Amino acid sequence: MAGSDGTTSETPALSLRDLTRASPFPCAVLHQSTETYAAVNEAFAALMGGEASDFEGRDLSELAIWRDDPAIQAQIFEKLKRDGAVNQLDARLRRPDGSVCHVRYSAKILSAAHSNFVVEGFEPMDELHQVRNSRRGLDAKFEALFNGSSDGISIHELDGTIIEVNQRLCDVFGIPRESFLGRNGEELHEEYMQTRAAEMFQSTRARRSVDFESKLLLVNGSTQPVEIRMQRVEIIGAPVVIATYHDLSARQALQQQLLQSQKMEAIGRLASGVSHDFNNILTVIRGLAFILQDALPPDHEEQGTVEELDRAAQRAAGLTRQLLVFSRRKDADSIELDVAQVIRDLNRMLRRLVPASIELGFEYADDLPPASVDPGQVEHLIAMLAVRAKERGTHTGLLEFSTRSVTVNGSPCAALVVYDNGVEASPEALAQFNGDSDRRADVAAALHLGEVLATCDRLDATTSLIPYKEAGVAIQIVFPPMLVSEDSSELEGPQAMEQLTGRETILLAEDEASLRTLVAAGLRRYGYEVICCADPLEALNASALHPAPIDLLITDIVMPHGTGAELAAKLREAHPMLKVLFVSGYAEADVLEDLPEGPNSAFIQKVFTQQDLLRAVRLLLDSVSG
């Protein structure tokens, strides 16, 4: 390396070479002017992974020793030029084999034989370098873990004074690190918990580790529930207390949700039990209405009264169904529904939902086909659309509900079209909603139709945005059509009731006395022989005592002294081909999932009419045994 031209001695080059080779430490002599090695010792050659002859007579540029540390080489060059010496400078050297070694480098310019030489000394530092890097890595990992923790952490002296906090705790309180230092840890807690926190500090000093729950008092006056662990540890020989703060907000929210779900579960069970009993009563009412309607002449003046009685019972049955759906004890049922009639029934409620400043309009199609949907879900859907119009933020406007018949895949379907003149959508939004499944949810959210879209999905209804009356856009909802099965069509028409008669023997198991009496009377009225029983035990005894075969078992699913499924299984031990019609006012999956499947079994849900029951009985008796 070139440096100052100043000289410090007149030592011959031969003496420098001898001294270099005799040294036990890695050293070398370099011609300053040519930057070629005049001499190296065996220790230097071993450090560099070669022989002395590999280096002597060769220059630095050829050997590329400083290739990995050019900045250090430049620093050495400047320092030698300025001071004539370099002491204890950390550097990296490139060995001939390509590996790197770390050294502490020292050099001094000496003169000999009218030439300047750089005498270099190398102290191997690979082991020390590894230790330093390891320590540096540990420090970096600790820093990352400390400040990257999802829990707040504070470090305290044994008297509770805070000496360090991590970034998470700063974020929780919303204050910088400096605002914590020097404070007592008790001050972080809500006032009534500060005494408890002080006790925990005392316990930590004696027990090494304690856990407790508290509330942190944040600078904005709010509190955060936390679970705290305090541990006594030693850091660089000094005892400290490390406290970690785990946020309990999410856990407490989940606990509240669990309590709420348990309450809803209890309400659901209560609703299910009440609905079961209420369905029994409604079945009796509808059965009596059917008997009255059947007994009176078709032109009798009281026929209308009986029809109103039956419709009232149907509406009450709809309320119990909605109650079960709301309490999640029952999935939504798809029944034949006149969508226009649902809107008519909700007309008064809709006028209460929207302010007087919004004009309500209704338009009904004459040829609307029936839809196969759950009426409760349709009512909920219509109410959501009305509330959406109410909350749109304008003082005046128009909200219009209309029905129309559309054809989908060759089948006529009922469609509901809702127009709100306070909602606008660009042609791009219409195209994305109707044709881009990836963007559909985003457009629905922007138009406040997200929940509407979710409800339509549950109903298997299709939705689209359509231009409406040259004044904006409307949402069109197409409901699935009602499919008439071939089996049911066989029992429709003028001679339907005559086709429901029979001469078979039926074993009836029903614990509700009034319903049992009504069902038995209706079956006997149409020619059937009926054996009545109040529970499974009576039914088993009656079956054993009856001399003739029993053609059909009609049984409630939930009864005292056993279930309908258990009764059917025991009777089929003696009569494997026995046909069974299960009846229930419950609708939970766990009640229905154990029912046997196959052509010899069927299920009918309360509330039903006598005609519904007679049709189900006839279809099951006429079916081919499995």
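The values are calculated or read from the model by the stated rules, or taken from the named source; none is laboratory data. What you see is a predicted model, and the numbers here were worked out from it, not measured in a lab. Neighbour counts are summed over all protein chains in view; Cβ atoms, including those assigned to glycine, are modelled from backbone coordinates with ideal geometry.
Across segment 420-445, the qualifying residues are those that are assigned to a helix (DSSP H, G or I) and modelled with pLDDT under 80, and the one among them that is nearest to the chain's Cα centre (by Cα) is D438. Inspect segment 171-187 for any residue being aromatic (F, W, Y), under 15 Å from Q224 (Cβ atoms) and in contact (Cβ under 8 Å) with a residue 12 or more places away in the chain and give the result as yes or no. Yes, the conditions are met somewhere in segment 171-187.
Can you find a residue in segment 450-463 that is assigned to a loop (DSSP other than H, G, I, E, B), over 17 Å from V408 (Cβ atoms) and modelled with pLDDT under 85? No, that holds for no residue.
Take the residues in segment 263-283 that are touching a Phe, Trp or Tyr at 6+ places or on another chain (Cβ under 7 Å) and either under 16 Å from R516 (Cα atoms) or β-branched (V, I, T) (or both), then tell me which one is surrounded by the fewest Cβ atoms within 10 Å (Cβ to Cβ). Here the answer is H276. Applying a threshold of 6 Å to beta carbon distances and a minimum spacing of six or more residues, or different chains, the list of pairs starting in segment 474-487 at a residue that is charged (D, E, K, R) and ending at one that is at pLDDT 85 or above reads D487/L619.
Among the conditions (1) in contact with a strand residue (DSSP E or B) (Cβ under 7 Å, 6 or more places away or on another chain); (2) closer than 26 Å to P369 by Cα, the only one that D457 does not satisfy is (1). Reported count of residues in segment 532-579, each being in contact (Cβ under 8 Å) with a residue 40 or more places away in the chain and assigned to a strand (DSSP E or B), is 8.
Condition check: among the small types (G, A, S) and either under 18 Å from L248 (Cα atoms) or surrounded by 18 or more Cβ atoms within 10 Å (Cβ to Cβ) (or both). Does S179 satisfy that?
Numbers: among the small types (G, A, S): yes; either under 18 Å from L248 (Cα atoms) or surrounded by 18 or more Cβ atoms within 10 Å (Cβ to Cβ) (or both): no.
No; evaluated as a whole, the condition is false for this residue.
Looking only at segment 238-256, residues that are free of Cβ contacts under 8 Å to residues at least 40 places away in the same chain and under 20 Å from G160 (Cβ atoms) come to 1 in all.
Looking at N279, is it over 20 Å from G160 (Cβ atoms) and in contact with a helix residue (DSSP H, G or I) (Cβ under 9 Å, 6 or more places away or on another chain)?
Working: over 20 Å from G160 (Cβ atoms): yes; in contact with a helix residue (DSSP H, G or I) (Cβ under 9 Å, 6 or more places away or on another chain): yes.
Yes, satisfied.
Just one of the numbered conditions (1) small (G, A, S); (2) crowded, with 16+ Cβ neighbours inside 10 Å; (3) at pLDDT 85 or above is not true of S405: (2). Considering only residues in segment 189-208 that are surrounded by fewer than 16 Cβ atoms within 10 Å (Cβ to Cβ) and polar (S, T, N, Q), the one that is farthest from M230 (Cα to Cα) turns out to be T195.
The C-beta contact set for segment 502-524 (first residue under 15 Å from L540 (Cα atoms), second residue of a type in the set (K, R) and not in a loop (DSSP other than H, G, I, E, B), distance under 9 angstrom, 6+ apart or interchain) comprises L508/R516; A509/R516; E510/R516. Of the residues D457, D438, the single one that is in the same structural domain as I343 (by TED's automatic domain parsing) and either touching a helix residue (DSSP H, G or I) at 6+ places or on another chain (Cβ under 9 Å) or in contact (Cβ under 8 Å) with a residue 24 or more places away in the chain (or both) is D438. Condition first: surrounded by fewer than 16 Cβ atoms within 10 Å (Cβ to Cβ), assigned by TED's automatic domain parsing to the domain that holds V86 and either modelled with pLDDT of 85 or more or over 33 Å from the mean Cα position of the chain (by Cα) (or both). Can you find one or more residues in segment 100-109 that meet it? Checked segment 100-109: at least one residue is surrounded by fewer than 16 Cβ atoms within 10 Å (Cβ to Cβ), assigned by TED's automatic domain parsing to the domain that holds V86 and either modelled with pLDDT of 85 or more or over 33 Å from the mean Cα position of the chain (by Cα) (or both). One residue stands out among those in segment 464-493 that are of a type in the set (G, A, S) and either modelled with pLDDT under 80 or not in a strand (DSSP E or B) (or both): the one that is surrounded by the most Cβ atoms within 10 Å (Cβ to Cβ), which is G472.
Within segment 257-270, is even one residue within 30 Å of S154 (Cα to Cα), among the β-branched types (V, I, T) and in contact (Cβ under 8 Å) with a residue 24 or more places away in the chain? Walk me through how you get there before you give the answer.
Taking segment 257-270 as the starting set, the residues that turn out to be within 30 Å of S154 (Cα to Cα) are none.
Checked against the condition, which is being within 30 Å of S154 (Cα to Cα), among the β-branched types (V, I, T) and in contact (Cβ under 8 Å) with a residue 24 or more places away in the chain, segment 257-270 yields no hits at all.
Residues that are touching a residue at least 60 places away in the same chain (Cβ under 8 Å) and assigned to a strand (DSSP E or B) are absent from segment 375-396. P124 meets each of the listed conditions (1) modelled with pLDDT under 80; (2) over 16 Å from V29 (Cα atoms) apart from (1). The residues on offer are A52, A39, A13, and the sole one that is modelled with pLDDT under 85, aliphatic (A, V, I, L, M) and either surrounded by 15 or more Cβ atoms within 10 Å (Cβ to Cβ) or in contact with a helix residue (DSSP H, G or I) (Cβ under 9 Å, 6 or more places away or on another chain) (or both) is A13.
Which residue, of L145, L169, is aliphatic (A, V, I, L, M) and either surrounded by fewer than 18 Cβ atoms within 10 Å (Cβ to Cβ) or modelled with pLDDT under 85 (or both)? Full working, then the answer.
Numbers: L169 fails: either surrounded by fewer than 18 Cβ atoms within 10 Å (Cβ to Cβ) or modelled with pLDDT under 85 (or both).
Going through L145, L169 in turn, the sole match is L145.
For segment 317-340, does any single residue satisfy the condition of being at pLDDT 85 or above and basic (K, R)? The answer is no; no qualifying residue exists. So, R516, is that one among the charged types (D, E, K, R), out of contact with any helix residue (DSSP H, G or I) (no Cβ under 6 Å at 6 or more places or on another chain), part of a helix (DSSP H, G or I) and more than 24 Å from H276 (Cα to Cα) or not? Judged against the criteria, R516 is not a match.
Taking the listed residues R286, R311, R251, R315, the one that is under 30 Å from S150 (Cα atoms) and either of a type outside the set (F, W, Y) or surrounded by 12 or more Cβ atoms within 10 Å (Cβ to Cβ) (or both) is R251, with no other qualifying.
Closer than 24 Å to F142 by Cα and among the aromatic types (F, W, Y): which single residue out of Y245, Y192 fits that description? Before you say what the answer is, go through the steps one by one.
On the way: Y192 fails: closer than 24 Å to F142 by Cα.
Being closer than 24 Å to F142 by Cα and among the aromatic types (F, W, Y) holds for just one of Y245, Y192, which is Y245.
Applying the criterion of being under 21 Å from E451 (Cα atoms) and among the polar types (S, T, N, Q) to the residues of segment 351-393, the residue that is modelled with the highest pLDDT is S372.
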